[in-house]
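A short write-up of the structure that comes next.
The values are calculated or read from the model by the stated rules, or taken from the named source; none is laboratory data. Since we're looking at a predicted model, the values are computed, not measured. We place every Cβ from the backbone using ideal geometry, glycine too, and count neighbours over all the protein chains shown.
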């Protein structure tokens, strides 16, 4: 029982970061209708920015996390402006190629500039906590709480504010959005900023727990795609729920069956869910 | 208020609109008649800034708008209720209206007043307030599209085929409401295949064929014109 709770807790922690990364990916997908393969590399870059702010410039943990979110938000806007926007109206394959090009560029630039060896952010909150019979670190608890707060804030922004609603409007009908006076380019820019900032936040929160490497985004972006397909493309609830499901599947499968196969469980869950419900959990029937 | 001089628009490699010149004055209620494929929608999309003309100029309230983006043109006071409606299907009726008022989002009082006005015009929208736009019937969606276009408080409203695919009774209802909107002071440019309906409510009309204006005049003259009667009124 204790092991089970421990694994559930770890699953929720993993799921929290997956949900944040998948939310960002699904937002951008909804706006552009092209998957941003480089999303995982923006996540990786976010972790490195946090690492260097802390180790080189002696930033405090939270100051570094927030600065990293801001920096990655700007990077996201630049990516939208210079990588994707020029390709709007062209065949989708062009955006696919650009996305993969950006992925390779980011990964290798980081490897060249900062090296390929793994780095670790010193634990800001190393103390252990005892909770409901399980033992964990404060950092892991913080990951969950911070992620949940950010996910709720994003939902409130999109559902309750006029600027947030423009994201949904553009995703649902781009031309309709232009016709009510929404600057679609500005909305794309804002969406990329939010998406990248979320990736940076997730990466920075996790960085004291796992090692950071230039390739850390590669597997993550695949998992994020699993999540948004699992949840139903373009659905925010789907991305959140899918993130937690994947985190739990990985953690329980890894803990009780075999840690070496934890990624197999993740992708196995995708195959299984899509076999039963091809549109994903929250997916709408295509028309 | 709106002036087009020698406007031509391409779509892909084909010319859809060629050499169109027309003028609409403040308070006018003008129809644009033409069969399917005549270029009515392309002309409207060009005026609204969704498409850019390859030749000629579009002038709205004395400002040249043919190079402006669609969202800036809306801010000048021109609103297009497009063919196919382009509503936000997974937003509620209320949120669709709020998005319609996006350009005046800080004017809370004005928005409230406008919502009251469009709900008075189309009472069904009040009943359906919290329903997703995508779940409305065709007629209700068309009413919502017109209402959303009005929410920006436009001086010129372009209506692209509001009667398309709707039952005659609903077409009649919408025609009455459009007339009422014009009488309240909004200038309207109405594109229609249903020439009978359009010529009954508008004051003046243009006839578009293969991308060119082939005829213009007061509606009551067009309705008796032999060419118009043969081609568009089934006489």
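Only one of A:195, A:189 is within 15 Å of residue A:30 (Cβ to Cβ) and within 14 Å of chain B (Cβ to nearest Cβ). Can you tell me which?
Result of the check over A:195, A:189: A:189.
Say whether the condition of being crowded, with 21+ Cβ neighbours inside 10 Å and more than 30 Å from residue A:175 (Cβ to Cβ) is met by at least one residue in region A:56-63.
Checked against the condition, which is being crowded, with 21+ Cβ neighbours inside 10 Å and more than 30 Å from residue A:175 (Cβ to Cβ), region A:56-63 yields at least one hit.
For region A:152-174: of the residues being in contact with a helix residue (DSSP H, G or I) (Cβ under 6 Å, 6 or more places away or on another chain) and within 29 Å of residue A:9 (Cβ to Cβ), which is nearest to the other protein chains (Cβ to nearest Cβ)?
A:158
Residue under question is residue B:114, and the condition is that it be under 27 Å from residue A:187 (Cα atoms), within 14 Å of chain A (Cβ to nearest Cβ) and in contact with a strand residue (DSSP E or B) (Cβ under 6 Å, 6 or more places away or on another chain); does it hold?
no
Looking only at region B:37-59, which residues are closer than 17 Å to residue B:210 by Cα, buried (at least 20 other Cβ atoms within 10 Å of the Cβ) and free of Cβ contacts under 8 Å to residues at least 60 places away in the same chain?
Scanning region B:37-59 gives B:45, B:46, B:53.
Output the residues belonging to region B:161-197 that are part of a helix (DSSP H, G or I) and in contact with a strand residue (DSSP E or B) (Cβ under 7 Å, 6 or more places away or on another chain).
Selection gives B:178, B:181, B:182, B:195.
Give me a count of the residues in region B:60-76 that are closer than 20 Å to residue B:26 by Cα, away from every other protein chain (no Cβ under 11 Å) and surrounded by fewer than 18 Cβ atoms within 10 Å (Cβ to Cβ).
4
Can you find a residue that is away from chain A (no Cβ under 14 Å) and under 19 Å from the mean Cα position of the chain (by Cα) anywhere in region B:98-108?
Scanning region B:98-108 turns up no residue that is away from chain A (no Cβ under 14 Å) and under 19 Å from the mean Cα position of the chain (by Cα).
Looking at (1) at pLDDT 90 or above; (2) surrounded by fewer than 20 Cβ atoms within 10 Å (Cβ to Cβ); (3) under 24 Å from residue A:141 (Cβ atoms), which is the only condition residue A:1 fails?
Condition not satisfied by residue A:1: (1).
Just one of (1) within 9 Å of another protein chain (Cβ to nearest Cβ); (2) at pLDDT 95 or above; (3) over 17 Å from the mean Cα position of the chain (by Cα) trips up residue B:79, so point out which.
With respect to (1) within 9 Å of another protein chain (Cβ to nearest Cβ); (2) at pLDDT 95 or above; (3) over 17 Å from the mean Cα position of the chain (by Cα), residue B:79 is out only on (3).
Here is a check on your reading of the model: is residue A:215 within 14 Å of another protein chain (Cβ to nearest Cβ) and more than 20 Å from residue B:86 (Cα to Cα)?
Numbers: within 14 Å of another protein chain (Cβ to nearest Cβ): no; more than 20 Å from residue B:86 (Cα to Cα): yes.
Considered against the rule, which asks whether it is within 14 Å of another protein chain (Cβ to nearest Cβ) and more than 20 Å from residue B:86 (Cα to Cα), residue A:215 comes out as no.
Looking at A:238, A:253, can you tell me which residue is crowded, with 19+ Cβ neighbours inside 10 Å and under 17 Å from residue A:12 (Cβ atoms)?
Only one candidate passes the filter, namely A:253.
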